[in-house]
Amino acid sequence: MYNEKNIINKDIPKQKFEFVQKGQKLYEQKIQGKPIGYMKDVWMRFRKNKVNLIASTILLVLIICSILMPIISNKEYIKIDEKVSFLPPRVPILEKFGIMDGTVFIEDRAVDLSKKDEETGLYLPKGYNEKALYMDTLTNKRVESLEKSPLILNGQSVLRLNYDSTSMTVESNEFYNLSIANNAYIEIDVFELDSSSNSKIEVLLQTDFGGDYTVIETITETGKHQVKVFELNEDLYADVISKLRIRYSSDNKGYYAAITSISLFDDSSNEPILFDEGYQLSVYKIVDGKGLYQRQNSEMILASFRYNKYLSAFDLTYESAFSSVEYEKLLAEWGDKVEVIPNPDNPDGWFFSEGFPIREVVRKNDSIKVGGQSYSSYEVYLDYASYLGYDDLPYYLFGTTLAGRDLFSLVWVGLRTSLLIGAIVTLINVTIGILYGAVSGYYGGNVDMLMQRFAEVMSRIPWLIVLSIMVVLFDPGITTLILTLVITGWIGIASVTRMQFYRYKRREYVLASRTMGARDLRLIFRHILPNGIGTIITASVLSIPLVIFLEAALSFLGFGIGHGQSFNVFGFTFSGVSIGVLLSDGRNFLFNHPYLTVFPSIVVSILMITFNMFGNALRDAFNPSLRGVED
């Protein structure tokens, strides 16, 4: 058996060939094969371009996903849940390779000085769940800081004079209780003091409670100085209870003195009774004179670490006011499957059996009445993952937003809204453009000239002016958005339609139909428009991505739709979330949470590319000059 390739390559002698119809008279023969209609020819050319076919398939998948994904997904994308806000993307399989695993690397966070890892000796970050910390990534570093904060360690407190002042006084926040029986004394550690400018530090106390402050001791050099109040003032015969004042003075304006610590000692203990250094010393208040009271040489310990935000969000959480309605609802759902266990250490609270979302009730809060109706709540510890219906840590493929909504669902909801707005605006623009362009192109002459001059005037109106007028008249929203996109959006379609009418209105079949008495409407919609519809369809499809892009830009700038601005189309309610709205929300967190912008951008980019490729494929498929062309 010969196949086509073997026959082509085989050298066949001419004697092997003979005329099979020699001597026969040939008349009209029936066409071998089936005739190819216009739409079939369009489909044949469309599917020949594999790249455009793939792009069209991707576009169809995106449209289907925008409809089905929000329904299929079991994640919340409507209600606000701040407990799961800003969760990073977490994707199965990829998380095993350390990619999109729900963890974030957090740098330079203040540490809790009361919590230290026993194995490494490193301080733990303040306000973070220890269970979610990756201890092998934890590091500490010390940085200089002048803040007046309990988290800032060491250093000195500086009394710096203004350039128009020669003295200033600061006062302690706590009262010093100096016992005469225990020989109490004050120790001041002076770190810096310029002795060349007649600088001095004076210690002042109220020796009579409620009386004036008197100078107890004067210090003129650095080092530790013991101020033995009762030895320096032999007239004192009772305990002294007073706030401590420190006055710094100098002949040179702008000079300063620095104090490391102030301590109160007595014979009752070897340890100081009162010890002010670092933060405690830095919060003394200026009560006299002009100057600055600030810190120097102080340091802050910062922690950097990798953190599992999912484990932190869905761990056992404390709720100070858990709704009694929700509490009763959970009990009703579980019924006999849950058991209440008394708490022997807390008579006001109780435990629940394993598996129940509420692990422990600390107490029932007092009821309050609003509008004559009583409301109550509970103080509880809640297994948040179980409460939301998850047996294990969930996967948020695109992460969550500030409001704790699932970004994956929101992207598809936003895409659906953007597609709908694109379709509505394009339908309006196409309708207006076809009618306008058909009348202009069909009648021509003065009618065409006047209509085209009007279209040119409309197209020359600055876009920002149109937007501003619409916002002033209707406020930002879906109405403003559609009107802004429609006012000049029809001009392109009208131009394409007019060009097609000029192309076809002089054809023989149109003249023949007019000769037979056909009216203008029949000529326009029955004979001319159908022949130019391919080019018009292509222009219409290519305008959809432009409309979607403009909608995204307007919503991004805050002039489009927004959260809470839902709208109805044919009885279906659509959310006020679009791709532009998501991009607008994500731009505020671009550096800390880039995924809020990246995923919507990727989806809208793919949509733009595939829509344009689909439009190009339609343009080639409807091109009449390619009719019947195989390659």
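The values are calculated or read from the model by the stated rules, or taken from the named source; none is laboratory data. Being a predicted model, the structure only gives us computed values, none of them experimental. No Cβ is skipped: glycine too gets one built from the backbone with ideal geometry, and neighbour counts run over all protein chains shown. Just so you know, the surface numbers come from the protein's heavy atoms only, side chains and all, with ligands and any DNA or RNA stripped out. Shrake-Rupley method; radii C 1.70, N 1.55, O 1.52, S 1.80 Å.
Some notes on this structure:
- Criterion violated by ALA423 - all others in (1) in a helix (DSSP H, G or I); (2) surrounded by 16 or more Cβ atoms within 10 Å (Cβ to Cβ); (3) within 35 Å of the chain's Cα centre (by Cα) satisfied: (2)
Results for (1) closer than 26 Å to SER418 by Cβ; (2) of a type outside the set (Lys, Arg); (3) open to solvent by less than 70 Å² (accessible area, probe 1.4 Å), shown as yes or no for each residue.
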{"residue": "ARG506", "(1), (2), (3)": "no, no, no"}
{"residue": "LEU511", "(1), (2), (3)": "no, yes, no"}
{"residue": "MET516", "(1), (2), (3)": "no, yes, no"}
{"residue": "ASP520", "(1), (2), (3)": "no, yes, yes"}
{"residue": "SER540", "(1), (2), (3)": "yes, yes, yes"}
{"residue": "LEU546", "(1), (2), (3)": "yes, yes, no"}
{"residue": "ALA553", "(1), (2), (3)": "yes, yes, yes"}
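- Elements of type strands (runs of 3 or more DSSP E) contained in the range 194-313, each with 3 or more residues being modelled with pLDDT of 90 or more and within 30 Å of TYR390 (Cβ to Cβ): 299-308
- Qualifying residue in the range 171-185 (condition: part of a strand (DSSP E or B), β-branched (Val, Ile, Thr) and out of contact with any Cys (no Cβ under 8 Å at 6 or more places or on another chain)): no
- Taking the listed residues ASN270, ASN252, ASN198, the one that is on the phi > 0 side of the Ramachandran plot and of a type outside the set (Gly, Ala, Ser) is ASN198, with no other qualifying.
- Test: residue in the range 466-483 that is of a type outside the set (A, V, I, L, M), farther than 24 Å from GLY615 by Cα, open to solvent by less than 40 Å² (accessible area, probe 1.4 Å) and modelled with pLDDT under 90: yes
- Residue in the range 64-88 that is modelled with the highest pLDDT, counting only those that are part of a helix (DSSP H, G or I), open to solvent by 60 Å² or more (accessible area, probe 1.4 Å) and among the hydrophobic types (A, V, I, L, M, F, W, C): ILE64
- Look at the range 444-466: where a residue is without any contact (Cβ under 8 Å) to a residue 12 or more places away in the chain and closer than 27 Å to ARG506 by Cβ and a partner is open to solvent by less than 100 Å² (accessible area, probe 1.4 Å) and among the aliphatic types (A, V, I, L, M), sitting 6+ places away or on another chain with Cβ atoms under 8 Å, you get VAL447/VAL439.
- Flag if VAL104 is modelled with pLDDT of 85 or more and outside any loop (DSSP other than H, G, I, E, B): yes
- For the range 292-335, a residue qualifies if it is over 30 Å from SER367 (Cβ atoms) and of a type in the set (Val, Ile, Thr), and exactly one does: ILE301.
- Residue match in the range 475-490 (condition: within 23 Å of ALA617 (Cα to Cα), among the hydroxyl-bearing types (Ser, Thr, Tyr) and assigned to a helix (DSSP H, G or I)): no
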